[in-house]
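As structure tokens, the structure follows; a few thoughts come after it.
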Amino acid sequence: MSLKISNVSKMYGANIALSNVFIEIKDGEFVCILGPSGCGKTTLLRLVGGFERPSQGLIYSGDTLYSSPDRCVPVERRNLGMVFQSFALWPNMTVRQHAEFPLLQKKYAGIDASKKKSLISQTLESVGLSALANRYPDELSGGQKQRVALARAIITKPQILLMDEPLSALDAELKISMRKEIQDIHRMTGATILYVTHDQSEALAMADRIMIMRNGEVEQAGTPEEIYLHPRTPFAASFVGKYNLLRGIWDHDLFYEESSNLCFQGQMIEPELKKMGLFPVRPDEFQIQKHGNGIPAKIKNRQYCGREIHYSVESSGRLITVYAPVRESYKLNESIVLIKKDGMN
Ligand code: ADP
Ligand code: MG
């Protein structure tokens, strides 16, 4: 089912949680809302879920008006499933009872018991919980708990799935494997997914399209590649691609860096950043050398990360992040120069 969030705003007293948000999501699309804490992500999901009304604007599912300032289709009449950050499981219910719970609603009363039973088995199977059906939440790991929440969200085959930071309570390795499971669920159900996260790598890895949110507004929307390779604002550049923003003067497609006499080619840089006198350079686009014609800098921090070393280097009073291969090792306080890998004159 398609979803349209049309010029939606939400005020809490004088506090503006969402401002004029417009998002159109195609049927079956996986859209990530990506932004830092407090930018309005949960508020947006609560509005789509029908837990609150917008102060302004409209929300449609297909052609059905779900929300407006004076209309709110109740949660149980919206064809959607929700997964929360906190799992939200009931301590006194087993895995099977959690999966069964949505089927107890009146609207499913007509489905016979044997059909419900096989639907529960299928759903538990699809999230890998068949063997744990009789366990209680306190007998499950974090990943298993989140799978219970997923089973409960998908059992009624909703056409829209809302997920609010579903992986943030899991450890790093589990996060990566649960990403694959969520992608599998997307493929299996064909549901439209609105997925909220503050983790840029999660959004880049899973989304068909990313909406970067900041201070209640959509800052940039695009495919993961568009957002990563062509950020249009300083925030999008630094939050998603971890870009360093060099300052200088643009002359058409040539950029003159302010602290050195260096000139970079920048045909691909977005005009919005050019207007601000900024040149975004990702940490992997710099190369560190001991000498040469580059931006002079000093190593201030190093972190060994296995495949590469992450350096913080200081140049003219600002810190620049550089990812370098492990074979190139530099010491703290060593003076170096930064070269941009391509496009330097
Ligand atoms: P996120 O999920 O991106 O961290 P939220 O949507 O939870 O952000 O919050 C967005 C803003 O709205 C925050 O400034 C938050 O304090 C405010 N806010 C959220 N819910 C309420 C509420 N019920 N009453 C007042 N302010 C709220
Ligand atoms: Mg939140």
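Structure data summary
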| read-out | value |
| --- | --- |
| Accessible area expressed per residue, the chain, with surrounding protein chains retained (probe 1.4 Å, Å²) | 49 |
| Part-to-part distance (alpha-carbon centres) for region 78-138 and region 170-198, which is given in Å | 18 |
| The chain, accessible surface, carbon-and-sulfur percent (1.4 angstrom probe) | 49 |
| Positive-end residue, the chain charge dipole about Cα centroid, Cβ charges, pick of Ser114, Gly49, Gln144 | Ser114 |
| Residue-span extension gain [Phe235 to Arg247] - 0.36 nm each, minus C-alpha spacing | 2.8 nm |
| Gaussian network model of the chain, Cα within-10 Å springs - most flexible of Gly40, Gly317, Gly248 | Gly317 |
| Formal net charge of residues neighbouring Phe22 (Cβ-Cβ distance under 11 Å; K, R +1; D, E -1) | -1 |
| Accessible surface of Met1 - all protein chains present, 1.4 Å probe, nearest 10 Å² | 70 |
| Charge sum, other residues only, whose C-beta stays under 15 Å from Met206's C-beta, Lys/Arg counted +1 and Asp/Glu -1 | -4 |
| Anisotropy class of region 167-324 from Cα gyration tensor, a/c 1.5 cut | oblate |
| Relative contact order (%) - criterion: Cα under 8 Å, at least six apart; region: the chain | 15 |
| Antiparallel DSSP beta bridges within the chain, percent to nearest 5 | 75 |
| Cα-centre dipole for the chain with unit charges at Cβ (Lys and Arg positive, Asp and Glu negative), debye to 20 | 740 |
| Which of Asn20, Asn79, Val8, positive extreme of dipole for region 1-117 (C-beta unit charges) | Asn79 |
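The values are calculated or read from the model by the stated rules, or taken from the named source; none is laboratory data. Please read all numbers here as calculations on a predicted model, not as lab measurements. Using ideal geometry, Cβ is built from the backbone for each residue, glycine included, and neighbour counts are taken over all protein chains shown. The area values use the complete protein model at the heavy-atom level, side chains included, leaving out ligands, DNA and RNA. Shrake-Rupley method; radii C 1.70, N 1.55, O 1.52, S 1.80 Å.
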